[in-house]
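The values are calculated or read from the model by the stated rules, or taken from the named source; none is laboratory data. Keep in mind that what you see is a predicted model, and the values were worked out from it rather than measured. Backbone-built Cβ (ideal geometry, glycine too); neighbour counts: all protein chains shown. Just so you know, the surface numbers come from the protein's heavy atoms only, side chains and all, with ligands and any DNA or RNA stripped out. Shrake-Rupley method; radii C 1.70, N 1.55, O 1.52, S 1.80 Å.
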Amino acid sequence: MRATKANFITASLAVLIIFLSMAGCFSRKHYTDPTLPEIFEYYPDSGGVALEIHFQRGKQHNHPLMVFWLEDEDGNYLKTIYVAASIGKGVFRYGAEGDGHWMPGEIQRPSSLPFWAHKRGVQNEFGNFVPSPSVPVPDAITGPTPKRNFVIKTNTGQDIPQKFVLMMEINQSWDFNEYWTSGKFPGNAEYLASCQPALVYQAVIDLNNKETDSYSLEPVGHSHYDGSDGSLTTDLSTITTALEIAREVKVIIP
C-alpha cells in the first residue's frame, strides 16, 4: 500500500515536471517579451556609417506615422532611411470600406509628414509631394509602424559628410487639444486628419567627435497643420500630448 502511494506521488511529480517543461517551451515559442524592443533593418545604400536608432514610446503613443532622414548642416535633404509603409506607398491598411469591413486602400495624407515630404521634393500625379502607388518610396526603406519600443539598424550610405543631421518627423491622428480643436479650421479635412501638427526632431552628428557615440533627437518645431507647405514652426507652446508620443529617441554609432 505504501509502495503504491509512493509510486503515485512519483508519477504525479513526473507528470507535473513534464507539463511545466512543455509550458515553458510553448511560452518561449509563441510569446515575445513586450519589454524588449522590436529590431528592424533598413539599408538605403551600401557603405557609409552604421547607425542604430533607438525609439522609446511615450504614454501618448498610439500608432503614429514617422519618418527618419538625413540632411547636411545647411538643411539640405540627403536621403530617407526609413518611412512608415502606409505613407511611403500611399496605401493604408484601413483605407477603403468594402463588404461591411475595412480593406487596404489608396489614401493621400498631405498633412501626415509634410516637412519631410516637401524636403524630399518628389511630386506625384496629384500635384503634391506625398508618395503614391505610382510614385512610391523604395521598398528598402519602408516598413510597418512599430507598436512598441524599437531599434532601427541602418547606415548612411556613401558620400555623407562628416557632420550631418538625423531628422525625425512624427504624427498621430486625431490628437486634439485645447488649441488644436476640431473646430479650428472648419471643413479642412487634411487638418482634421492630423489635429496637432507633425513634430520634427533632430540630432546633429559629428563623426569627427570621438568622445561620443550617442546623440539624442530633440524636438525643434512642428510642421504645417494641413501640409500645404513645407514650413517649420519652432514655437511649440501650443503642442501638448503630441510631445508625449515619443519618450526618448537617440542614435548610436555602433
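Note down the nm distance, to one decimal, between modelled labels 7 Å out along Cα→Cβ at Glu125 and at Tyr43.
Going from the Glu125 label point to the Tyr43 one covers 3.4 nm.
Please give the length that would be gained between His63 and Phe176 if that part of the chain were fully extended, namely 0.36 nm times their separation in residues minus their C-alpha to C-alpha distance (nm, one decimal).
39.1 nm
Could you give the nm distance between label points at Ser134 and Asn188, where each point is 7 Å from its Cα heading toward the beta carbon?
2.7
How many angstrom lie between the Cα centre of the range 43-88 and the Cα centre of the range 122-165?
7
Please give me, ordered by residue number, the trypsin sites (Lys or Arg not before Pro) of the range 159-254 that lie in loop per DSSP and have at most 12 other Cβ atoms within 10 Å.
Lys210
What full-extension length gain, to one decimal in nm, is calculated for Ala50 and Glu218 as 0.36 nm per residue of separation minus the Cα-Cα distance?
Full extension of this stretch gives 58.4 nm more.
Taking the Cα centre of the range 146-202 as origin, work out the dipole magnitude from +1 charges on Lys and Arg Cβ and -1 charges on Asp and Glu Cβ, in debye rounded to 20.
The dipole magnitude comes to about 260 debye.
Quick check: residue separation of Glu211 and Lys163 times 0.36 nm, minus the Cα distance between them. What number comes out in nm?
Difference between extended and current length: 15.8 nm.
Sequence neighbours fewer than 8 away in the same chain don't count; with that in mind, list the lysines whose C-alpha is under 28 Å from Lys210.
Lys79, Lys153, Lys163, Lys250
Any aspartates and glutamates with Cα under 17 Å of the Lys184 Cα? List them, leaving off those in the same chain fewer than 8 positions away.
Asp175, Asp226
What figure in square angstrom, to the nearest 10, would you give for the accessible area of Tyr77 with a 1.4 Å probe?
The value for Tyr77 is about 60 Å².
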